[in-house]
1. What are the pairs with Cβ atoms under 6 angstrom where one residue, in the range 70-93, is within 28 Å of residue 130 (Cα to Cα) and the other, located anywhere, is among the hydroxyl-bearing types (Ser, Thr, Tyr)? Sequence gap at least six, or different chains.
2. For the range 81-130, how many residues meet the condition of being among the acidic types (Asp, Glu) and surrounded by 15 or more Cβ atoms within 10 Å (Cβ to Cβ)?
3. Report every pair of residues separated by at least 6 positions or lying on different chains whose Cβ atoms are under 8 Å apart, first residue within the range 107-127 and within 19 Å of residue 173 (Cα to Cα), second assigned to a loop (DSSP other than H, G, I, E, B).
4. Is there any pair linking a residue in the range 130-149 that is closer than 18 Å to residue 112 by Cα to one that is among the acidic types (Asp, Glu) and in a loop (DSSP other than H, G, I, E, B), with Cβ under 8 Å and at least six apart or on different chains, and which?
5. Can residue 247 be described as touching a helix residue (DSSP H, G or I) at 6+ places or on another chain (Cβ under 8 Å), under 23 Å from residue 15 (Cα atoms), surrounded by 17 or more Cβ atoms within 10 Å (Cβ to Cβ) and touching a residue at least 12 places away in the same chain (Cβ under 8 Å)?
6. Failed condition for residue 70, given (1) closer than 17 Å to residue 141 by Cβ; (2) at pLDDT 95 or above, with all others met?
7. Sort out for me the helices (runs of 4 or more DSSP H) sitting completely within the range 123-235 that have 2 or more residues that are in contact with a Leu (Cβ under 9 Å, 6 or more places away or on another chain).
8. Just to verify a result, which residue in the range 18-36, among those that are part of a loop (DSSP other than H, G, I, E, B) and out of contact with any His (no Cβ under 9 Å at 6 or more places or on another chain), is surrounded by the most Cβ atoms within 10 Å (Cβ to Cβ)?
Amino acid sequence: MRITVLGCWAPYPAAGGACSGYLLQDGGGNILLDAGHGTFSRLVQFIHHCDLRAAVITHLHPDHYVDLHCLRHATAAGLREKLRWRKVQLFLPPEPVHIFEELSACTDAFDVVSIESLPEEEVPPGVKVRCGTVGPVRLFFLPARHNLPAYSVGVEGSGYFVYSGDSAPTGELAALAEEAGIFLCEASGLDKDAEFLHDRHMTARQAGTLARQARVKELILTHFYPEYDLARIRAEAEAGFGGKVELAVEGDTYFLY
């Protein structure tokens, strides 16, 4: 399993950067996790867009989905020109309804799957998730604590990877991430931002604490406010985690076996 960082900033990118977006490669398929501002141009630096099999959007804030419009036009053109033979399987939250309906209408490019339409399972025991598949890869969608419907995502393939999406810390997320080979977790602010972020995002220290509770093997932080010193983000996260923490770097690829 390969996870490549396309963008790591929020709610707007740093100069020359991109917002949330990650390329997951496993089981012979390419899956896009989130598609924030600028991520499409980064995606095509690594693969041809016609080789993308599926896209997963954790929630419908622009910094996580807006480049789907680029992907839609590229995919529709690829189908017309016979450069690809099937549409992109697109997993979406069903709300806000007007955005879901707008994207669902893009039938020239997407086969849309409402995450809430997927079957429900307990993975791990006691934690209810929606389950989807892309080829041999299983996707576990856990409702996140955010200010609109959102999901954290577990990915089970040649390794086990968990992406927090945008979420305040919860016991269910810690359970989903338990012993993940890589936990890619948002760190939207510093300790001083805790009240502002309450019940919708994590501070860096909260991300570290949650990862320690989950006993993850590797914690990689993402979703950085562009005006902050990332050394402070790392230091506060390491204080919560009790060990070394990585910062997502655009263009870097991480491996799970």
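The values are calculated or read from the model by the stated rules, or taken from the named source; none is laboratory data. Note that this is a predicted model, so its numbers are computed, not measured. Here the Cβ positions follow ideal geometry from the backbone for every residue, glycine too, while neighbour counts run over all protein chains shown.
1. 88/75
2. First pass over the range 81-130, keeping only residues among the acidic types (Asp, Glu): 81, 95, 101-102, 108, 111, 116, 120-122.
Filter once more, keeping what is surrounded by 15 or more Cβ atoms within 10 Å (Cβ to Cβ): 95, 116.
Residues that pass the stated criteria total 2.
3. Filtered contacts from the range 107-127: 115/93; 115/94; 116/93; 116/94; 124/178.
4. 149/95
5. Details: touching a helix residue (DSSP H, G or I) at 6+ places or on another chain (Cβ under 8 Å): yes; under 23 Å from residue 15 (Cα atoms): yes; surrounded by 17 or more Cβ atoms within 10 Å (Cβ to Cβ): yes; touching a residue at least 12 places away in the same chain (Cβ under 8 Å): yes.
Taking the combined requirement at face value, the residue satisfies it.
6. Going through the list (1) closer than 17 Å to residue 141 by Cβ; (2) at pLDDT 95 or above, residue 70 breaks only (1).
7. Numbers: elements: 171-176, 194-197, 204-214.
Fully inside the range 123-235 and qualifying: 171-176, 204-214.
8. Of all residues in the range 18-36, those part of a loop (DSSP other than H, G, I, E, B) come to 18, 20, 27-28, 36.
Subsequent filtering for residues that are out of contact with any His (no Cβ under 9 Å at 6 or more places or on another chain) retains 27-28.
Numbers: 27: 17, 28: 9.
Selected residue: 27.
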